[in-house]
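These notes are about the structure you will find just below.
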Amino acid sequence: MTDVQTRADADNPAEPAGTTSTRRVVLLSAGALGAGAVLTACGTDNGGPGSNPNGTDFDSNPVPAGSTGAQADSAGGNAGTVLVAASEVAVGGGVIKGDYVITQPEKGSFKAFSKVCTHQGCDVTEINDGSILCRCHNSAFSIKDGQPTAGPATQPLPETKVSLDGDNVVAA
Ligand code: FES
């Protein structure tokens, strides 16, 4: 395409009639190819390094920001931090609040997980029918233990130990 830059075009009055759109056609074609390349990259994204939307590289750094890993942690060392009012967490469901997904798999039993999907780092966005869902690539995680149940994610959502303090679910 470098020869295009040396061709006569609409900006060059010396260009013969009927050839004024050469550069535009070539540039539009190049633009279309570029868009195709972008679409291809999105469509074939297989979790390669640096490809997650949160800007972290899970291939070399599989732990979500703010987490201490797949094992249970204590909300970054902030035991007692209120995560949510217990009344906001439906039995058999949950709520996404702050950096956490707080669930209540059974009445009176609360769990909290990182909201950062372990596949490529999107935030999970829904809790439906006993599953925590990431719509970036449709991974699903159990509200009971954060284990992946569908989609490309293979690692569980990191859990934060919680307890009930009065009417609130707090980091333990
Ligand atoms: S980032 Fe791919 S499924 Fe969540």
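None of the figures in this text is laboratory data; all of them are computed from the coordinates on show. The structure presented is a predicted model; accordingly, all values stated were derived computationally and were not measured. Using ideal geometry, Cβ is built from the backbone for each residue, glycine included, and neighbour counts are taken over all protein chains shown.
Data table
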| quantity | calculated |
| --- | --- |
| Sequence-separation-based contact order of the range 75-171, relative, with Cα cut under 8 Å and 6+ spacing, percent | 29 |
| For the range 75-171: rounded, prolate or oblate by the Cα gyration tensor [a/c cutoff 1.5] | prolate |
| Environment charge of V95, counting only residues whose C-beta is closer than 12 Å and scoring Lys/Arg +1, Asp/Glu -1 | +1 |
| Label-to-label distance, nm, for residues given as S87 and D129 (7 Å Cα→Cβ offset) | 3.1 |
